[in-house]
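Here the structure comes first, spelled out in structure tokens, and everything after it is commentary.
The values are calculated or read from the model by the stated rules, or taken from the named source; none is laboratory data. From a predicted model like this one, the values you see are computed outputs, not experimental measurements. Here Cβ is always computed from backbone atoms with ideal geometry, including for glycine, and neighbour counts include all displayed protein chains. The protein model used for the area step is the full one, side chains on, heavy atoms only, and it has no ligands, DNA or RNA in it. Shrake-Rupley method; radii C 1.70, N 1.55, O 1.52, S 1.80 Å.
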Amino acid sequence: MTAGLVMDLASIVALAYGLYYRRHHRRDLLFAYVALNVGIFAVVSLLLVQRVDVAVGFGLFGVLSIIRLRSSEITQQEIAYYFIAIVLGLVNGIAGAWPLTALLLDGVLLAVTYVVDHPALLGRTRHQVITLDVVHSDPDLLRVDLESRLRAHVLHCVVTQIDYVRDTTVVDVRYVAPPQRAGVR
């Protein structure tokens, strides 16, 4: 269990501090990922020692995994970090039987997360929900207006709400941000 705990703590620190916080800067979720991971590790370790029925363990896993996800707005990307934090806790909680396999899985999970969430991969693609102070009846005019306001190329946009009384439109927009010039952040 000690080897599993050491691997788990090293893995969650790499995920939460090394990857997530450096890229997304949400301190509240950083704490949530570490706490969730260590909690999952403790529960799995206890289940292995006490030989509790597997169904009870999976039921507890399901409850733990949805508690935080339903309590505030988080992105799909942040849900993925939650999932990786849970899986790291499970893998390392069971690590006593196969420590090298757990270490390999930790490495794979962290490497995949690093690559797939790397800013260089799709770093300029953005998503935003925008409320416009106008209603456009022509989709082409809507796209031109969005590109003008965002100063970016719009890849896809969907009108999610129109209010003719207030003359507003809510649009879900996917776009490519222009490259940043040197010295501009």
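Okay, here's what the table says:
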| read-out | value |
| --- | --- |
| Which numbered condition Ser65 fails, given (1) within 13 Å of the chain's Cα centre (by Cα); (2) open to solvent by less than 30 Å² (accessible area, probe 1.4 Å); (3) modelled with pLDDT under 70 | (1) |
| Enumerated helices (runs of 4 or more DSSP H) restricted to segment 93-182, each holding at least 3 residues that are modelled with pLDDT under 80 | 119-122 |
| The one condition in (1) modelled with pLDDT of 70 or more; (2) farther than 17 Å from Ile94 by Cβ that Arg70 fails to fulfil | (1) |
| Single residue of Leu103, Leu90 found to be surrounded by 12 or more Cβ atoms within 10 Å (Cβ to Cβ), farther than 27 Å from Val176 by Cβ and touching a residue at least 60 places away in the same chain (Cβ under 8 Å) | Leu103 |
| Restricting segment 6-44 to residues that are open to solvent by less than 10 Å² (accessible area, probe 1.4 Å) and aliphatic (A, V, I, L, M), the residue that is farthest from Gln77 (Cα to Cα) | Ile40 |
